[in-house]
Amino acid sequence: MASQEDILQRLRPLVEVHRDRRQEPVRFRPATWRPWLEPHGAAQALGLGAVDTTSKSGDRFISRDDLAAAREALSDDPEELRDLFVAVMIWGAGTTNGRAPRYTSAALGDTRLPYVLEATRSAVRVGELPQAYTGFTVRGVRRAFFTKWFAIVDDRDAGCERALILDDRVFHSLNALGWSSREAASTRRWAARYAAYVEAMHDWASRLGVTAAWLEWLMFDLNGHVETEQPQLGKFG
């Protein structure tokens with residue numbers, strides 16, 4: 001595995017090239033999701049975000065800020081927590097993941113879901129990320145999506161090492177930089193490897209003068225193309 005200084009040396013020019021870029025809202029199509037959500041009484045999330053006024057299919061846009069606002073508005077009603085989970089799944093899928101509505105329906109039909117959502121949110125909010133990782137066992141939802149859930153429900157102070165998303169695109173960039181979660185955590189256990197990833201990203205972000213959430217998005221957007229001489233990349237993630 002490359003040293004921390006070697007990784008930082010490669011990250012600095014990337015951050016400078018992309019520093020002014022920001023994650024844009026994700027487009028989704030409520031009509032695609034509705035048949036999968038309505039049988040579970042979980043279609044409320046389809047009203048989040050903003051209408052795409054150029055769409056003839058009723059598309060909407062949903063952003064990370066929309067999810068954060070929904071999180072802040074949560075009451076103690078378990079259904080509201082479920083609706084936030086649905087919104088996270090919609091945001092994570094956008095218009096590119098055609099299987100996400102089916103996977104979300106499978107999760108909604110899993111009797112473990114209400115407990116898992118509350119238990120993992122509680123673990124994340126006290127910084128117990130390995131516990132949250134091992135505790136998210138719901139049909140249809142794997143790391144790429146349940147770490148999105150962690151990132152959204154983490155409402156701790158900005159000075160904390162808040163949860164981050166870890167999916168294959170982020171991994172492609174990390175691997176291209178020479179970073180290994182297994183070596184960083186000194187174990188094959190994924191819960192510990194996830195925690196090591198979060199710790200490393202916060203350390204790099206602090207030393208580069210950016211937020212860890214922005215750096216996570218950049219790793220997603222670059223998708224392994226970590227040289228500065230790259231063509232314009234996609235904006236959504």
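Quick one: if you stick a label point 7 Å off each Cα along the C-beta vector at E16 and D52, how many nm between them?
3.7 nm
Arrange the residues K56, K148 by how much accessible surface each exposes, largest first, with a 1.4 angstrom probe. Walk me through the intermediate numbers first.
Working: K56 210, K148 15 Å².
Putting K56, K148 in descending order of accessible area: K56, K148.
What does the accessible area of M219 come to, in Å² to the nearest 10, when a probe of 1.4 Å is used?
Accessible area, nearest 10 Å²: 0 Å².
Measure off 7 Å from each Cα along the Cα-to-Cβ vector at T111 and S75, then give the distance between these two points in nanometres to one decimal.
2.7 nm
In deg cm²/dmol, rounded to 500, what helix-only [θ] at 222 nm does the chain give when every DSSP H run of at least 4 residues adds -39500 (n - 2.57) and the total is split over its residues?
Values: 12 runs with 132 residues, N = 237.
The per-residue figure over the chain is -17000 deg cm²/dmol.
Can you list the HN-Hα couplings for the stretch 177-187, worked out from phi with the Karplus curve (6.51, -1.76, 1.60; θ = phi - 60°), rounded to whole Hz and with x for Gly and Pro?
Using θ = phi - 60°, the values come out as 7, x, 9, 10, 5, 5, 6, 5, 8, 6, 6 Hz.
Relative to the longest principal axis of the chain, what angle (0 to 90°, nearest 10) does the C-alpha long axis of helix 4-18 take?
That helix lies at roughly 60 degrees to the long axis.
What FRET efficiency, computed as 1/(1 + (r/R0)^6) with R0 = 25 Å and r the Cβ-Cβ distance, is obtained for S206 and S122, rounded to the nearest 0.05?
Numbers: r = 26 Å, r/R0 = 1.06.
For S206 and S122, the calculated efficiency is 0.40.
Could you state the accessible area per residue of the chain in Å², with a 1.4 Å probe and every protein chain left in place?
On the way: 11560 Å² over 237 residues.
For the chain, the per-residue accessible area is 49 Å².
What does the accessible area of Y133 come to, in Å² to the nearest 10, when a probe of 1.4 Å is used?
Here the accessible area works out near 30 Å².
Note down the magnitude of the dipole of the stretch 24-104 about its Cα centre, charges +1 on Lys and Arg C-beta and -1 on Asp and Glu C-beta and zero elsewhere, to the nearest 20 debye. Intermediate values should be presented prior to the final figure.
Details: 10 positive and 12 negative charges, 110 e Å.
Value, rounded to 20: 520 debye.
Given the stretch 103-237 reduced to its alpha-carbon atoms as identical point scatterers, what log10 I(q)/I(0) does the Debye formula return at q = 0.16 Å⁻¹?
Once normalised to I(0) and log-transformed, intensities are -0.84.
What percent does the relative contact order of the chain come to when contacts are Cα pairs within less than 8 Å and at least six residues apart? Don't skip to the answer; put the middle values down first.
Working: 317 pairs, mean separation 50.6, N = 237.
Reported as a whole number, the value is 21 percent.
Stretch Q4-E227 to full length: gain in nm at 0.36 nm per residue minus the Cα-Cα span? Write down the numbers at each step before the final one.
Numbers: separation 223, 0.36 × 223 = 80.28 nm, distance 1.74 nm.
Gain on extension, Q4 to E227, equals 78.5 nm.
Working with all protein chains in place, sort D76, D110, D66 by solvent-accessible area computed with a 1.4 Å probe, largest first.
Final ranking, largest accessible area leading: D76, D66, D110.
Find, among the trypsin sites (Lys or Arg not before Pro) in the stretch 1-47, those assigned to loop by DSSP (not H, G, I, E, B) with at most 16 other beta-carbon atoms within 10 angstrom.
Hits after loop and neighbour filter: R19, R21, R22.
Plugging the Kirkwood radius over Cα pairs into Stokes-Einstein for the stretch 39-101, at a temperature of 20 °C and a viscosity of 1.002 mPa s, what D comes out in µm²/s? Provide the component values of the computation, followed by the final result.
Details: Rh = 12.4 Å.
Translational D for this selection: 172 µm²/s.
If you take the square roots of the eigenvalues of the alpha-carbon gyration tensor of the stretch 129-184 and sort them as a ≥ b ≥ c, do you get rounded (a/c under 1.5), prolate (a/b over b/c) or oblate?
Note, shape of the stretch 129-184 comes out oblate.
Could you give the angle, 0 to 90 degrees to the nearest 10, between helix 190-208's Cα long axis and the longest principal axis of the Cα atoms of the chain?
It is inclined by approximately 60 degrees.
Calculate the all-directions average of the projected area of the stretch 3-81's alpha-carbon convex hull, and give it in nm². Spell out each step's value before the answer.
Numbers: hull surface 35.6 nm².
With every direction weighted equally, the projected area is 8.9 nm².
Where Rh is the Kirkwood radius over the Cα pairs of the stretch 65-130, the temperature 20 °C and the viscosity 1.002 mPa s, what D in µm²/s does Stokes-Einstein return? Kindly include the intermediate steps, with their values, before the conclusion.
Numbers: Rh = 12.8 Å.
Translational diffusion coefficient: 167 µm²/s.
Relative contact order (percent) for the stretch 26-131, with alpha-carbon contacts under 8 angstrom and 6 or more residues of separation?
On the way: 102 pairs, mean separation 31.8, N = 106.
The normalised contact order for the stretch 26-131 reaches 30 percent.
Rounding to the nearest 10 and keeping the result within 0 to 90°, find how far the Cα-based axis of helix 113-125 lies from the longest principal axis of the chain.
40 degrees
The values are calculated or read from the model by the stated rules, or taken from the named source; none is laboratory data. This structure is a prediction, so every number in the text was calculated from the model and none was measured. Every residue, glycine as well, gets a Cβ built from its backbone with ideal geometry; the counts of neighbours run over all protein chains shown. Quick note on the areas: whole protein, heavy atoms, side chains included, nothing else; ligands and nucleic acids left out. Shrake-Rupley method; radii C 1.70, N 1.55, O 1.52, S 1.80 Å.
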